[in-house]
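Nothing in this text is a laboratory measurement; each read-out follows from the coordinates by a stated rule. As the structure is a computational prediction, the values presented were derived from the model and not from experiment. Positions of Cβ are generated from backbone atoms using ideal geometry, with glycine treated the same way; all protein chains shown enter the neighbour counts.
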Amino acid sequence: MKITVKLLANYKDLLPPGSVGNTIEIEVPRGTTVAEAVSRFEVPLDDSSVIVLNGLTVDLNTPVSEGDTVAAFSAIAGG
Amino acid sequence: MYGWHGRLLRINLTTQTTSIEDIDPQVCRDFIGGRGVAMYYLSKEVDPTVDPLAPENKMIFAAGPLTATPAPTGNRYMVVTKSPLTGAVAHSNSGGEFPTWMKRTGFDLFIFEGRAESPMYLLVNEDQVELRPAGHLWGKDTHETTDLLKAEHSDEARVACIGPAGENLALMAAIINDKHRAAARSGVGAVMGSKNLKAVVALGTKNPPLHDAEGMRSLSVDTSKNVGADVKKGSNMRTYGTSYVPAVTNTLGIFPTYNFQQGTFEHTDKIDGEALKNQYLIRPTPCYRCPLSCGRLTEVPDGPYKGKGEGPEYETISSLGSGCGVSDLAALIKANYLCNEYGMDTIGTGMTIAAAMELYEKGYVPEDVVGMSLKFGDHDAMIAMIRKMAYREGFGDDLAQGSYRLCEKYGHPEIAVTTRKQEFPGYDPRGSQGMGLLYATSNKGASHMEGDVAYEEVFGVPVKENPLTTEGKAELVKHFEDSFALIDSAGLCVFVALRYVFSKERKIWPERLTEMMNLTTGIGYTPEEIMKSAERIYNIERMFLLKAGSTEDTLPYRMLHEPLPDGPAAGRVVELDKMLPEFYQLRGWDAQGWPTKEKLAELGL
């Protein structure tokens, strides 16, 4: 199934070379979790990252579904 | 005394006299400094029911004990007064360079009282204190004023001043220092204008004596190294400043759009940090003694919005950008420059224009009153309105009163997104419930700078909280409000303080900050004692605003009754009633939100 991964701000640099913008569409097997989806891009899974599923705070072991968007950014002071 | 100079400068503009007074060391200890000590004096000397623009109101510039020390970001000052926008307390905070220069004059506080008969400016060069005529500066913008005063005195001088907006008493007028930094919110610039005070020029070399200078230097270097290590790894704050935030808030569905009618903006990628960095950024610009460097020196090289200056940061992108539906980044940058030059709060300015756009599009204010078409997304109309607000020309005279009074005048107060009549900053609380409680209870009206729990709900610092839940938010908001009162009073910037001088548990704890305070002052605070002082500050402010008549802790209609239509938080309103009673209880306030006698006695108030 296809999902979208969005890596915001400096995490954009973790996307494969040639990626356009901060978003990539990827094919994942059924049962893939949020953590597994972003791990493909070496997003740190500790508290140095904020990772959301369709903009919502979820357990990182939550399985993703067709059409979902997983977004990640580095935890840092705000604006 | 160490850390504090223990001296204040009192300037009576009516009698054109100045005097120097000692500050009671116990007051410094109990109220920390900066915002806290200034609030102590405001409470003692100003009737809370006073007209904020009358000579009887006072305006206090206050540096903290860590201002002008080696502490990273130890370079903030506060402007404390009764706000003409909110009728409550104003405590507006700024960095740049002026705060350190102010402290180096040898004073912790400047207290301005009365009203000059004609425009004046204040020169403080250590013990040389002079009120001078400012007729030649009146009418000039903040950049011209700063250049003229530096030319008159010294390039080493640092200047805080008002522009046309402050002179004309616009209620979103700011006090601008070092050309690009603002004590922005709550109309503090209008109070300065009401006193006929155009500028303050600071010169001096009197760093405060430190209790343990070597210990403080060593701890500060260590803290700066921690910041530096993150910057080296590629910190968003260095690469983008806060302009990276639109991508985050838009993803969470809390990016204020079309005057908070939506939580996502379809043109976010045209105005966010990536676009700014690729098109207009020259380089990051730090405040004095800041290892983070979130400021943005930018330039629009050509075209109708040609110019060079600083910004925009996130709040400006949110208010003058998505708030007004504006997706032209060059125009947005120009709007930011104009706010700095006219001396205006970008949040108040942008969100008031956004409210006017909604009034216009819904037909509540006719085109002949506005003088032009004023639709969302019309960046030229937005820019035209900024000038009209600053000079109070035509419809700009209505806008200069802020969005609440504007919407009330045209019969639709439900369109204003304010608390205590102050415009919301850039986090839609329907998708960030803790921020909703913060805006409702904030002593200065809606403000992220009063206790920004978005750090946890949005940014995961130091831990990630679910922004859509209400459980535990009362405790979190109380704790952040007190922690921000501490940071503002000590004289640090929250960006570095929250992450590097507090512990990293959910309930951030001022371990390293306490150590810095003790090395600086020699007091021997415990973290518990210093947090008690912060709570004291919060409560003395609370009593002032309650006595001023600002007794209702609520949110505007849209936040309580109009669910977000889009994004991850679609369908939600702020569930304030689930949080407010618990918040009052944790604060030791009664069911109407008044501090109890027991709480006041506990705090020595």
Across peptide A:51-59, what mean number of C-beta atoms from other chains lies inside 10 Å of a residue's C-beta? 5
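So for segment B:429-602, what percent of the C-alpha to C-alpha distances run longer than 28 Å?
Numbers: 3556 of 15051 pairs.
Counting every Cα pair in segment B:429-602, those more than 28 Å apart make up 24 percent.
Just the C-alpha atoms of segment B:2-58: what Rg/Rh do they give, with Rh taken as the Kirkwood radius? Don't skip to the end; give the middle numbers.
Values: Rg = 12.7 Å, Rh = 12.6 Å.
Here the Rg-to-Rh quotient is 1.00.
Taking 4 °C and 1.567 mPa s as the conditions, I'd like the Stokes-Einstein D for segment B:106-212 in µm²/s, using the Kirkwood hydrodynamic radius from alpha carbon pairs. Walk me through the numbers on the way to the answer.
On the way: Rh = 14.0 Å.
The estimated diffusion coefficient comes to 92 µm²/s.
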At q = 0.15, 0.17 Å⁻¹, what log₁₀ I(q)/I(0) does a Debye calculation on the Cα points of segment B:1-128 give, no solvent, two decimals? -0.68, -0.87
What whole-number value in cubic angstrom gives the convex hull volume per residue for the C-alpha atoms of segment B:235-278? 62 Å³
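Quick one: work out Rg over Rh on the C-alpha atoms of segment B:167-292, Rh as Kirkwood radius.
Details: Rg = 19.8 Å, Rh = 18.6 Å.
Value, to two decimals: 1.07.
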Could you estimate the translational diffusion coefficient of segment B:290-346 from the Stokes-Einstein equation, with Rh from the Kirkwood formula over C-alpha pairs, at 37 °C and 0.692 mPa s, in whole µm²/s? 283 µm²/s
Partner shielding of B:461-474, as the mean number of partner chain Cβ atoms within 10 Å, equals 2
If packing is taken as the average count of other Cβ atoms within 10 Å, what order do B:126-136, B:74-84 fall into, highest mean first? B:74-84, B:126-136
Straight-line reach from B:Lys578: which lysines have Cα under 16 Å away, leaving out those fewer than 8 places along the same chain? B:Lys473, B:Lys478
In this structure, among B:Lys103/B:Lys140; B:Lys198/B:Lys334; B:Lys82/B:Lys179; B:Lys334/B:Lys444, pairs with alpha-carbon gaps over 31 Å are none
Find the relative contact order for chain B and round it to a whole percent, using C-alpha pairs within less than 8 Å whose residues are 6+ positions apart. 16 percent
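What are the equivalent ellipsoid semi-axes of segment B:87-157, built from the alpha-carbon gyration tensor (square roots of five times its eigenvalues), in whole angstrom, biggest first? Before the final figure, lay out each step's value.
Values: eigenvalues 75, 64, 43 Å².
Rounded to whole Å, the semi-axes are 19, 18, 15.
Can you pull the mean other chain C-beta count within 10 Å for peptide B:566-572?
On the way: counts 0, 2, 7, 2, 1, 0, 0.
That average works out to 2.
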Computed over segment B:335-493, the Cα gyration tensor eigenvalues, each multiplied by 5 and square-rooted, give semi-axes in Å (largest first) of 33, 17, 13
Percent of alpha-carbon pairs separated by more than 17 Å within segment B:51-121: 48 percent
Would you kindly derive the ³J(HN,Hα) couplings of segment B:483-492 from the backbone phi angles with the Karplus curve 6.51 cos²θ - 1.76 cosθ + 1.60 (θ = phi - 60°), listing them in order in whole Hz, with x for Gly and Pro? 5, 5, 4, 5, 4, 5, 7, 6, x, 9
Difference of contour (0.36 nm per residue) and Cα-Cα distance, B:Gln279 to B:Arg387: 36.3 nm
Under the 7 Å Cα-to-Cβ spin-label approximation, B:Val221 and B:Glu529 lie apart by a distance in nanometres of 2.9 nm
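Relative contact order of segment B:1-141: what whole-number percent is it, with Cα pairs under 8 angstrom and at least 6 residues apart? List each step's numbers first, then the result.
Values: 272 pairs, mean separation 38.0, N = 141.
About 27 percent, as a whole number.
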Compute for the protein assembly as shown: radius of gyration divided by Kirkwood radius, i.e. Rg/Rh, restricted to C-alpha atoms, rounded to two decimals. 0.95
Volume per residue (Å³) of the convex hull spanned by the alpha carbons of segment A:2-74 is 78 Å³
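So for segment B:313-380, considering every pair of alpha-carbon atoms, how many percent are separated by more than 21 Å? If you can, show how the numbers build up before the last one.
On the way: 479 of 2278 pairs.
Everything past 21 Å amounts to 21 percent.
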Taking N as the number of residues in segment B:27-76, the ratio of its alpha carbon radius of gyration to 2.2 N^0.38 Å works out to 1.36
Give the Rg (one decimal place) followed by the Dmax (whole number) of segment B:428-474, computed from C-alpha coordinates and expressed in Å. 9.7, 26
Hydrodynamic radius (Kirkwood) for chain B, which is based on Cα pairs only, to one decimal in Å: 23.6 Å
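In what sequence do B:Asp22, B:Asp155 fall when counting other Cβ within 10 Å, fewest first?
On the way: B:Asp22 10, B:Asp155 6.
Starting with the residue having the fewest Cβ neighbours, the order is B:Asp155, B:Asp22.
Subtracting the Cα-Cα distance from 0.36 nm times the residue separation, let me have the gained length for B:Lys547 to B:Leu297 in nm, one decimal.
Numbers: separation 250, 0.36 × 250 = 90.00 nm, distance 4.27 nm.
The B:Lys547-B:Leu297 span can extend by a further 85.7 nm.
Could you give the alpha-carbon Rg of segment B:238-411 over 2.2 N^0.38 Å, rounded to two decimals? Don't jump to the answer; show the numbers that get you there.
On the way: Rg = 15.7 Å, N = 174, 2.2 N^0.38 = 15.6 Å.
Its radius of gyration relative to the 2.2 N^0.38 Å reference: 1.01.
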Rounded to the nearest 500, the 222 nm mean residue ellipticity computed for the protein assembly as shown from DSSP H runs (n ≥ 4, each -39500 (n - 2.57)) alone is -10500 deg cm²/dmol
For B:Met344, other-chain or 5+-apart residues with amide H closer than 5 Å (H placed, Pro excluded) are B:Ala174
Unit-weight point scatterers at every alpha-carbon of segment B:442-507, Debye formula, q = 0.17, 0.23, 0.29 1/Å: log10 I(q)/I(0) is -0.55, -1.03, -1.53
